[in-house]
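**Student:** Submitted below is the structure of interest, expressed as structure tokens.
The values are calculated or read from the model by the stated rules, or taken from the named source; none is laboratory data. All values derive from a computational prediction rather than experimental measurement. Positions of Cβ are generated from backbone atoms using ideal geometry, with glycine treated the same way; all protein chains shown enter the neighbour counts.
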Amino acid sequence: MKKTIFFTIFLSLFCSYVSTTCNYLQEEAGYDWAITIKNGYFHPRDKVLRCIFDRCGKKGGYWFEGAVRRNVWKRLDVEASGSYFRKEGKALCGTECTRVSIPTFGLGLKYFFSRRDCSCCIDKFSFFVGTGLRVFFYKEKNGSPFVNPCFKKTTAGGMVNVGFEYDVREHFLINLFFDYNFKKLKPCDKNCCNQNCDPYRTGILTSCCPSYFCNVDLGGFVFGIGLGGKF
Amino acid sequence: MIKKAKIFLFAGLFCIQPHICFSAGEWELPATNLSDPGQSAFSPQVAMDPAGNAIAVWVRSDDLTALPRIQSKRYNAETDSWVIPTTGIYLSDSEADVPQVAMDPAGNAIAVWIWGAVFPPPFRIQAKKYDAQTDSWVVPTPGIDISGDFAFAPQVAMDPTGNAIAVWQRIDGGTTKFVIQAKRYKKNTDSWVIPAPGIDLSDPTEEAFSPQVAMDSAGNAIAVWSIYDGIITDRVQAKRYNAETDSWMITATNLSDPGENTENPQVAMDPSGNAIAIWHNKSNDRIQAKRYDAETDSWVIPITGINLSDPGQNAALPQVAMDSTGNAVAVWQISDGSNVRIQAKRYDAETDSWVNPATGIYLSDPGQDAGLPQVAMDSAGNAIAVWQRSDGSNTIIQAKRYDARTDSWSTTATNLSAPGKNASQPQVAMNPAGNAVAVWKRSDGSDFRIQAALFFPIPAPSNLIARQKVRRFPAQVDLTHVLCWDAVEGVVKYRIYADSNLGDIITNVSDNEKISSMLSGDIGILIAEIPAQTKPCFVVHARCPGVKMTYYVVGVDEGGNNGIPASVTI
């Protein structure tokens, strides 16, 4: 449902952009490099994550991202980005605190749609759409002796980006973005699942092992605003 | 004002009425006077049935003649009161002494005693049967006398079906030596009969005395006694009664070694027919024991040897009790170099060895003399020992409880009799559920009176429930079992055990305690101790999904005694 809404908004914006009575789209980028610092809000797709976070405030959290773009062909850019998300929460049906940190590294392509020979405001707007690979460095810290206090896992997923860029001046831009990340984290691979839950275990001391692991959907919407420059 | 007055009055009544001012689910104190004032009473004995009813017998001088007679009272577990049977408090005519009593699971009892002290004294063994249904003492067939003249030291045991065996020593008319004799009470004919091959158990050419008898659930019995072999020394002998053949063994078995001077044999049996005989070896002043193995029909020495006590310390007066699985507890008195103290050891049927409990071998505290220990066990292996001990001014009656799960005796002894007057001759009986009753005599300043105190184990926590709860972390789950139960009055903490196949968890329990419970516990691993609270609950973390677990919750009182466990499976 949310994907549908997202794409409906995207298509509306895109169609409204291209339907204005202007001439053709600008072909050349006019820059080689672009750097953007973005600040957004991450709304997790995973309902459990939202519930956990909601117990300490909001269902999502702030997302910080830095990106470097290189124009490779006409209006097509290659972008490398690094982001960081962190949010506290509380275990469901418990009072133990938990904290999720998700640094990511993304690598993708973005295509910008610019216009010329229109009014000055429209000229400075670019609409972009992109996609790429995003690597999630998931880290979970828990305040409970009955699960792993520090669980880490690295996994690769994908992303889709849409948004607008506004050239405030030469070399300075404002970025409005709507990203969607997707990746379902599987904490255990074949060899480690349920090893910690041997029913005939007779150890005396706690072993900091959970009863079992659960998949976590790391995907979700990120939207926000950024500032940057083009060179 | 009125409200405060009501509260005060209630509190006062709470501590004035008898049977109410007790503490912590343990001994119901102060003790209850069983015999009436005005004449001295002594030699109490007591027995208990599985329902918690008890019968106490004792000797008391008759109010009119001042001659000794046997009296009895019955403890009614339902009404929590000592009552006189419908036939009255007296069992015997005048000139009766040394009563003994045994009970069967239905609450019936057999009492035996010596009667007749008018010169020339007949000294016969008499017996009566208590009928639980009619609440009356009756005389079985063919009469109240079950022995001839000049019989002494009667003992009696009953089996679960209501049959009984009585043993005594009697002067043989031909040899003028004491001989051990026995008769069997048959419930279905309500009569005393002589099993084959005859009434005599011991060799009439040898002097025999101090008989004791025990029975198993099938009606078999073992009798032990001391025999004087004519060469100075005494030996302990035993004979087994076979219920199937209704006959005693032809030849007695010598239990103690030749050339050793022995006395005070005692015997206990478990329901399967195994037995332990214990005695005092006067030659080396040690307590010794042998075990009868029902499977091999033989007397054997345990792996740890025949001796229970250390040499040269004047050990004496041993007593022994067995539980339903062949374990036993033995108590005796012994000098520690300064005072006479009470010691105890436990026989472990699995390892066939006598061992010191985790709390050590001594039961009574140093500094004062203690003696005359008695012991009883329940079916789970718990035990209660009673003894008399000086408090510096008088002798008082003390008790300790052995907890089989923790392999330990109570940390402190409970004073059963009130200070200020001498008390002695303690006896104790226990039923399979762990209830117990102790009796003794105590001076009231003028005469001795028989007193009794009841022990109630801490009840099992009621309404124990377990439910599963999932504590969800982002990528991990802590599956918990939440245990809740109703608070038990009088406990200071609860112990929680888990099925031994699924050990783990833990909170504030030391490793040594966990290991101890693993080694000794028949109910799994101790996983936590929590203080008493109004609505006790405990969360067991890190459970495995799809695996069944059983938990046990036990209340613990101030003395460290465990109560009856409640269990729940989830």
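**Student:** Say we look at segment B:88-138 and pick out the residues that are assigned to a loop (DSSP other than H, G, I, E, B) and among the small types (Gly, Ala, Ser); which of these is surrounded by the fewest Cβ atoms within 10 Å (Cβ to Cβ)?
**Tutor:** Only one residue tops the list, namely B:Gly88.
**Student:** Residues of segment B:526-562 being within 26 Å of the chain's Cα centre (by Cα) and part of a loop (DSSP other than H, G, I, E, B), which ones?
**Tutor:** Correct list: B:Asp557, B:Glu558, B:Gly559, B:Gly560, B:Asn561.
**Student:** Which residue, of B:Gly52, B:Gly12, B:Gly25, is at pLDDT below 50 and crowded, with 19+ Cβ neighbours inside 10 Å?
**Tutor:** When all the criteria are applied, what remains is B:Gly25.
**Student:** Within segment A:186-231, work out how many residues are modelled with pLDDT of 90 or more and hydrophobic (A, V, I, L, M, F, W, C).
**Tutor:** Number of matching residues: 7.
**Student:** Contact list please: Cβ distance under 7 Å, first residue in segment A:181-194 and within 13 Å of chain B (Cβ to nearest Cβ) and over 16 Å from A:Lys139 (Cβ atoms), second residue at pLDDT 90 or above and not in a loop (DSSP other than H, G, I, E, B), pairs at least six apart or on different chains.
**Tutor:** Note: pairs meeting the criteria are A:Lys184/A:Asp217.
**Student:** Out of all the residues in segment A:90-105, is one or more modelled with pLDDT of 95 or more, in a strand (DSSP E or B) and away from chain B (no Cβ under 14 Å)?
**Tutor:** Within segment A:90-105, one or more residues are modelled with pLDDT of 95 or more, in a strand (DSSP E or B) and away from chain B (no Cβ under 14 Å).
**Student:** Filtering segment B:541-555 down to residues that are surrounded by fewer than 23 Cβ atoms within 10 Å (Cβ to Cβ) and hydrophobic (A, V, I, L, M, F, W, C), which residue is nearest to B:Gly490 (Cα to Cα)?
**Tutor:** B:Met549
**Student:** Here are some conditions: (1) part of a loop (DSSP other than H, G, I, E, B); (2) within 30 Å of B:Ala268 (Cβ to Cβ); (3) hydrophobic (A, V, I, L, M, F, W, C). B:Val428 meets all but one. Which one does it not meet?
**Tutor:** In the conditions (1) part of a loop (DSSP other than H, G, I, E, B); (2) within 30 Å of B:Ala268 (Cβ to Cβ); (3) hydrophobic (A, V, I, L, M, F, W, C), B:Val428 misses (1) alone.
**Student:** Specify which of the listed residues (B:Val428, B:Val437) is at pLDDT 95 or above, more than 14 Å from chain A (Cβ to nearest Cβ) and touching a Leu at 6+ places or on another chain (Cβ under 8 Å).
**Tutor:** B:Val437
**Student:** Now, a different point. When the residues of segment A:142-160 are filtered to those that are touching a residue at least 60 places away in the same chain (Cβ under 8 Å) and of a type outside the set (A, V, I, L, M), which remaining residue is farthest from the other protein chains (Cβ to nearest Cβ)?
**Tutor:** A:Gly157
**Student:** Of the residues B:Ala344, B:Ala349, B:Ala370, B:Ala418, which single one is surrounded by fewer than 22 Cβ atoms within 10 Å (Cβ to Cβ) and under 19 Å from the mean Cα position of the chain (by Cα)?
**Tutor:** None of the other options fit; the residue is B:Ala349.
**Student:** From the list B:Ser338, B:Ser283, B:Ser324, exactly one residue is in contact (Cβ under 8 Å) with a residue 12 or more places away in the chain, of a type in the set (Ser, Thr, Tyr), within 23 Å of B:Val375 (Cβ to Cβ) and not in a strand (DSSP E or B). Which is it?
**Tutor:** That would be B:Ser324, the only listed residue that is in contact (Cβ under 8 Å) with a residue 12 or more places away in the chain, of a type in the set (Ser, Thr, Tyr), within 23 Å of B:Val375 (Cβ to Cβ) and not in a strand (DSSP E or B).
**Student:** Any idea which of A:Trp63, A:Trp73 is without any contact (Cβ under 8 Å) to a residue 12 or more places away in the chain and of a type outside the set (A, V, I, L, M)?
**Tutor:** One residue alone meets the criteria, A:Trp73.
**Student:** Evaluate the following for B:Gly273: is it part of a loop (DSSP other than H, G, I, E, B), out of contact with any helix residue (DSSP H, G or I) (no Cβ under 7 Å at 6 or more places or on another chain) and under 29 Å from B:Thr161 (Cα atoms)?
**Tutor:** yes
**Student:** Another question, if that's okay. Looking only at segment A:38-60, count how many residues are out of contact with any Phe, Trp or Tyr (no Cβ under 8 Å at 6 or more places or on another chain), touching a residue at least 60 places away in the same chain (Cβ under 8 Å) and outside any helix (DSSP H, G or I).
**Tutor:** 1
**Student:** Taking the criterion of being more than 10 Å from chain A (Cβ to nearest Cβ), closer than 16 Å to B:Ala466 by Cα and at pLDDT below 80, would at least one residue in segment B:511-523 satisfy it?
**Tutor:** No, segment B:511-523 contains no residue that is more than 10 Å from chain A (Cβ to nearest Cβ), closer than 16 Å to B:Ala466 by Cα and at pLDDT below 80.
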